[in-house]
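K.L.:
Below you will find the structure I want to go over with you.
The values are calculated or read from the model by the stated rules, or taken from the named source; none is laboratory data. Treat the numbers as computed from the prediction; the structure is a model and nothing was measured. Neighbour counts run over all protein chains shown; Cβ positions are idealised from the backbone, glycine included.
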């Protein structure tokens, strides 16, 4: 009798175990890889979704190249008018033959107009809704996101998801693209003492951006203003600064590079330093952090005094003038020239942060350890005090290698 009762109980419990009634095969899901939000034309929002076409990515579509808009390639876009983002997602299920799913999303794109109005209400959705990935990225684009996403066709990839991932991964190879995943963006948005950044992006402009051929610094550009012809339709460069959930200013490529030095995400960069003996030529060096930046914050007379010590190293890539600076007794000439460039870029970026009253460099994260309790730190009101901060900047660059040339010799 005990065995019979046990078997009956086990059978009853098995009936309570959930089965696979709600299981969805991968080929029954519409994988949304990016979402764009604009101000609506017929409703509060225009929500644009980029949906992958797996059979074409895998080669089942006859080798057709990726294309946007109406589809026919590796992805297609759908724009919906809606009062909220998630209601647009539900509307998407009414026009797409598969169930929309956000678990593979790469980008969350806001138009600049919407970002300047405020995105806090939309960030809350990303933090709460279970399908969003914490590794996705916040992007602010010039113009409308529906154009940005539909025309952003990859040149080298059939897989648009891989294209999105590789494009934003450029932060590893260039100083011009910030690295803030959604998780770090969200955490910075919630804590005093640091301002979050979004990637600044744009479609390629067809008309010339600048008139004349005057010399410009390589990092003194932002997305939408890079002087180029050809290549992909999308470009990433610079950053959008947020405060209180609103976009308040932008950074150019050089300023993003300084932010990445303090953030610890700088891998390497090339610096064009004017040759001190030949003003029309450059000394080109590779530079990368030698160690983490040393930041010391003190509160003096109620206001912060910040001392920063930046140590970089690298190798000589080119000396355009042919002047031999690579002997041990002359390396200091290269090092001094590079230090002047770094010092200027850091000083300009610090001035920018005080001007817009936003500590996007994260000095507040170093300052909070001076306070015993969290209420004391919050009561200090770092954002209000930071614009009056004073700085002491030290920059040290060391040449570690002089390239593959053993000795300098003029061309004959």
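K.L.:
Which pairs have Cβ atoms under 8 Å, sit 6 or more apart or on different chains, and link a residue in region 35-49 that is within 11 Å of residue 149 (Cβ to Cβ) and in the same structural domain as residue 147 (by TED's automatic domain parsing) to one that is surrounded by fewer than 20 Cβ atoms within 10 Å (Cβ to Cβ) and modelled with pLDDT of 90 or more?
P.N.:
Note: pairs meeting the criteria are 38/113.
K.L.:
Next question, about the same structure. Can you tell me how many residues within region 112-143 are surrounded by fewer than 22 Cβ atoms within 10 Å (Cβ to Cβ) and closer than 29 Å to residue 230 by Cβ?
P.N.:
Here the count works out to 4.
K.L.:
List the helices (runs of 4 or more DSSP H) inside region 126-201, counting only whole elements, that have at least 2 residues being closer than 24 Å to residue 356 by Cβ. Quick ask: steps written out before the conclusion?
P.N.:
Details: elements: 145-151, 160-168, 182-190.
In region 126-201, 182-190 are the helices (runs of 4 or more DSSP H) which contain 2 or more residues that are closer than 24 Å to residue 356 by Cβ.
K.L.:
A further question on this structure: Please determine, by comparing only the residues of region 159-170 that are buried (at least 19 other Cβ atoms within 10 Å of the Cβ) and closer than 14 Å to residue 75 by Cα, which one is farthest from the chain's Cα centre (by Cα). Outline the logic, then answer.
P.N.:
Within region 159-170, the subset buried (at least 19 other Cβ atoms within 10 Å of the Cβ) is 159-161, 163-164, 167-168.
Those still in the list that are closer than 14 Å to residue 75 by Cα too: 159-161, 163-164.
Details: 159: 21, 160: 18, 161: 17, 163: 15, 164: 12 Å.
In this case the residue turns out to be 159.
K.L.:
Select from region 370-397 the residues that are touching a helix residue (DSSP H, G or I) at 6+ places or on another chain (Cβ under 8 Å) and closer than 30 Å to residue 273 by Cβ and list them in ascending order.
P.N.:
Selection gives 389, 391, 393, 395, 396, 397.
K.L.:
Let me ask something else about it. With respect to residue 400, is the statement that it is in contact with a helix residue (DSSP H, G or I) (Cβ under 7 Å, 6 or more places away or on another chain) and closer than 21 Å to residue 341 by Cα true? Spell out how you get there, then give the answer.
P.N.:
Values: in contact with a helix residue (DSSP H, G or I) (Cβ under 7 Å, 6 or more places away or on another chain): no; closer than 21 Å to residue 341 by Cα: yes.
For residue 400, the condition - in contact with a helix residue (DSSP H, G or I) (Cβ under 7 Å, 6 or more places away or on another chain) and closer than 21 Å to residue 341 by Cα - is not met.
K.L.:
When you scan region 235-245, do you find a residue that is over 24 Å from the mean Cα position of the chain (by Cα) and crowded, with 16+ Cβ neighbours inside 10 Å, even just one? Explain how you work it out, then say what you get.
P.N.:
Narrowing region 235-245 to residues over 24 Å from the mean Cα position of the chain (by Cα): none.
No: zero hits.
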